[in-house]
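Each reported figure results from applying straightforward, stated rules to the coordinates on display, with no laboratory input. Please read these numbers as outputs of a predicted model, since none were measured by experiment. Because the Cβ atoms are built from the backbone with ideal geometry, glycine has one as well, and the counts that use them run over all protein chains shown.
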Amino acid sequence: MYDDYYYDTGAAAVLGILALVGFLIAIVGYVLVAFFLMKIFDKAGVQGKWRAWVPVYNYMVFAKLGDLSPWVVLIAIGLSLIPYLNFLTGIALAVVLALAAWRIGLKLQKDAVWVILWVLLGIVWLGINAFDKSRWNPNIAPAPWAGNGFFGDRTVWDGVPTQPSAVAGPGYGQPQQGYGQPQQGYAPPAQPGYAPPQQPGYTPPAQPGYAPPAAPSNPDVPPAAPSAPPAAPQVPPAPPTTPPAPPAAPPAPPTNPTQPPA
């Protein structure tokens, strides 16, 4: 009986020590994870270091930086606490966080294969991305689920920058920013000296308010001959061939002034 008592006491002490060690390891692991998340949040431009230390909320911010809706993570964490369903919901939560880690790795200049390290040793993945010299680059291709209303990130939080790649861009059913579709009935201006080729039998539609010039009523009749040219100017008279004769000389005076004339 005493042996059983000492045996039970010793087993309880061992279990207590193991529980204490496990609790300390969990505390140390959580502190390391929160510290690494704080460094990654700093690279992403998140304001407020406290966001990395709040349980559950820190992984919601992590998902938002990974272009996933933070409410998807919250739902997955809540479902993982339900008995008899925690195995399947735990797998779903691991897949969601892996997708977020893949997107965050791309923004930290990491290849897609780095997500394998996240799946195997997530704390090592966090430590490398927290202290390496990589810079945050949100201008990457949109996520495949960016246009999905459930998985895509549409949440706006003060202090957490909005990720441009989280919004569905061109190719996902949305036009580019600052680009407007051409108006109906609009034709671009023609280049000078250029006429687009027309197909045989095609008549371009008439523009509103425009009438083409009318064709001549009888195209077979040739145009009238031009009027007679003006007459040539008259030739001026020819100059005289011989000059006129000089005037005759006056008569000679008389030699004897006293003698009367005859």
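Pick from the stretch 53-81 the residues that are of a type in the set (Gly, Ala, Ser) and buried (at least 22 other Cβ atoms within 10 Å of the Cβ): which of them is farthest from Ala98 (Cα to Cα)?
The qualifying residue farthest from Ala98 (Cα to Cα) is Ser69.
Per-residue answers, yes or no, for (1) polar (S, T, N, Q); (2) in contact (Cβ under 8 Å) with a residue 60 or more places away in the chain:
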residue	(1), (2)
Ala44	no, yes
Gln47	yes, yes
Val56	no, no
Leu79	no, no
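Restricting to the stretch 25-42, name every residue that is farther than 18 Å from Met60 by Cβ and either over 40 Å from the mean Cα position of the chain (by Cα) or exposed (fewer than 14 other Cβ atoms within 10 Å of the Cβ) (or both).
If the condition is that a residue be farther than 18 Å from Met60 by Cβ and either over 40 Å from the mean Cα position of the chain (by Cα) or exposed (fewer than 14 other Cβ atoms within 10 Å of the Cβ) (or both), then Ile25, Ala26, Ile27, Val28, Gly29, Val31 are the ones that fit.
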